[in-house]
């Protein structure tokens, strides 16, 4: 399969978005922007949260102006339409909740380091996060489906398992031309 040079990776919590984005970035030598690093809910409401949102929107604008990039994460309040309008490929990780919960538990137990920050750990395990993943839509799939309709030229790749994601990663190539 061939994909473009401007890639968005989205999916539910603990679906492997960061891992896939990192591996694609390494494979093609593309910069990767991890939106989780700018989670506005990691800081108290108010000026600091607003500053964080402004900062990531500026970073996104600089990123999408480049010839090649990968942006990982959903965060619809972070220049969502601008990202989709500039992307040529959207990769959706559609793993079932039980697999994502298992991944979350493993990460909590092993204290896996994730992309410049520590991942979940046993001390910050949250049952409400498990409940969040059990909900039917822990990612805004309605919003994503609307975006797919709004941007019909966007190539959409749907991966439904870690095995599919690994096969995709092994075989994927970059298109010679971009839109």
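A few points about this structure:
- Footprinting exposure proxy for 88, 50, 142, 176 (fewest neighbouring C-beta atoms within 10 Å first): 176, 142, 50, 88
- The fewest-to-most ranking of 49, 100 by surrounding Cβ atoms within 10 Å reads 49, 100.
- Taking the fewest neighbouring Cβ atoms within 10 Å as the starting point, the ordered list for 170, 164 is 170, 164.
- Relative contact order (%) - the range 1-108, alpha-carbon pairs under 8 angstrom, separation at least six: 49
Throughout, read-outs are computed from the coordinates displayed, never taken from laboratory work. Because the structure is a prediction, the values reported are computed rather than measured. All Cβ positions, even for glycine, are placed from backbone atoms using ideal geometry, and neighbour counts span all protein chains on display.
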